[in-house]
Amino acid sequence: MFALLNIVKSFFFETLLSIFYFPIWWYTKGLKKRFLFFKERIKALSNALALKIMFTNYFKPMFGDYSRQGRMISFFMRTVLLLWRIFLFLIGFLSLLLLFLGLTLLPIIATWQIVIRLI
């Protein structure tokens, strides 16, 4: 009898503790984990678009063509490529930022909606 009572008591105590600890975890350790994840995703996006390489080689002629026409074509071609890749990076960055903010504000919005429905 006492064993069953202890099991039920510990189950409810653990459940209540988990419910009250969730917001603390969500905005401390969970927020840090999400931030590090999105930081890695932004680095991966930058590497996938090769932005660092594009900026490093921006004024170098393409295909080793050092003539005046080759330099002009390379400059304009790299400008177009760089603008396109920056545009793609900004879309990806803004998407990740909105996702991060959405996940951060999700418990507040859910709690607010529960309170509104109960009133």
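The table that follows gives values for the structure above.
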{"item": "Net dipole in debye of the chain [+1 Lys, Arg Cβ; -1 Asp, Glu Cβ; about Cα centre; nearest 20]", "result": "400 debye"}
{"item": "Qualifying lysines (Cα of each under 16 Å from Cα of residue 33; at least 8 residues distant if same chain)", "result": "43"}
{"item": "The stretch 27-68 residues near the modelled residue 99 label - backbone nitrogen below 14 Å, point 7 Å along Cα→Cβ", "result": "34-46"}
{"item": "Residues 78, 71, sorted so that the one with the fewest Cβ neighbours within 10 Å comes first", "result": "71, 78"}
{"item": "Length gained when the stretch residue 53-residue 71 is fully extended (0.36 nm per residue, less Cα-Cα span)", "result": "4.7 nm"}
{"item": "Among (i) 17; (ii) 21; (iii) 59, the entry that matches percent of Cα pairs over 24 Å apart as calculated here", "result": "(iii)"}
{"item": "Selection from 10, 91, 69 lying farthest towards where the dipole of the chain points positive, charges on Cβ", "result": "69"}
{"item": "Centre separation in Å (Cα based) which lies between the stretch 9-41 and the stretch 87-119", "result": "17 Å"}
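Where a number appears in this text, it was derived from the coordinates with a stated rule and is not lab data. Values in this document were obtained by computation on a predicted structure and should not be read as measured data. When we count neighbours, we look across all protein chains shown, and the Cβ atoms used for this are built from the backbone with ideal geometry, even at glycine.
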